[in-house]
1. Filter segment 11-48 for residues that are touching a residue at least 40 places away in the same chain (Cβ under 8 Å) and more than 14 Å from residue 97 (Cα to Cα); which is nearest to the chain's Cα centre (by Cα)?
2. I'm told residue 73 meets every condition in (1) at pLDDT 90 or above; (2) more than 11 Å from the chain's Cα centre (by Cα); (3) within 16 Å of the ligand (Cβ to nearest atom) except one. Can you identify the failing condition by its number?
3. Among the residues of segment 38-59, which ones are under 17 Å from residue 12 (Cα atoms) and loosely packed, with under 12 Cβ neighbours inside 10 Å?
4. Would you be able to say whether some residue in segment 19-26 is within 16 Å of the ligand (Cβ to nearest atom) and surrounded by 10 or more Cβ atoms within 10 Å (Cβ to Cβ)?
5. When residues of segment 49-64 are filtered for being free of Cβ contacts under 8 Å to residues at least 24 places away in the same chain, within 11 Å of the ligand (Cβ to nearest atom), out of contact with any strand residue (DSSP E or B) (no Cβ under 7 Å at 6 or more places or on another chain) and at negative phi, how many remain?
Ligand SMILES: [Zn+2]
């Protein structure tokens, strides 16, 4: 019996990229003069390795619509969206627009 490899398979062209941006309300004060940022809208733009150079108006041939919006439960919707089953994707890279230290990578 061969031991299991402690390595992920090469991603090749099976990478799914997601760029997201939360729009928030800032009407609630919570500390001194700080305002609470409450997510109200999530905008997502996605592409895979195959369509990364295509026009933005074109849909992804693997996953369909390239631009999506979520407003019911934006944070939960993002997590659900990122964990959807995509059998063709070996790696998912998600990066927030204008955020620091919030890039998720999943294989
Ligand atoms: Zn694609």
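1. Filtering first and then ranking leaves 16.
2. Failed condition: (3).
3. If we filter segment 38-59 for residues that are under 17 Å from residue 12 (Cα atoms), which is where we start, we get 47-53.
Once the filter is applied, which keeps residues that are under 17 Å from residue 12 (Cα atoms) and loosely packed, with under 12 Cβ neighbours inside 10 Å, segment 38-59 yields 52, 53.
4. From segment 19-26, those within 16 Å of the ligand (Cβ to nearest atom) are 19; that's our starting set.
Next, only the ones that are surrounded by 10 or more Cβ atoms within 10 Å (Cβ to Cβ) stay: 19.
For segment 19-26, residues within 16 Å of the ligand (Cβ to nearest atom) and surrounded by 10 or more Cβ atoms within 10 Å (Cβ to Cβ): present.
5. Just the residues of segment 49-64 that are free of Cβ contacts under 8 Å to residues at least 24 places away in the same chain, to begin with: 51, 53-61, 64.
Of the ones still in play, those that are also within 11 Å of the ligand (Cβ to nearest atom) are 51, 53-54, 58-61, 64.
Then keep just the ones that are out of contact with any strand residue (DSSP E or B) (no Cβ under 7 Å at 6 or more places or on another chain); that gives 53-54, 58-59, 61, 64.
Remaining after also requiring at negative phi: 53-54, 58-59, 61.
So the count comes out to 5.
The values are calculated or read from the model by the stated rules, or taken from the named source; none is laboratory data. Note that the coordinates shown come from a computational prediction; the quantities given were computed from them, not determined experimentally. Every residue, glycine as well, gets a Cβ built from its backbone with ideal geometry; the counts of neighbours run over all protein chains shown.
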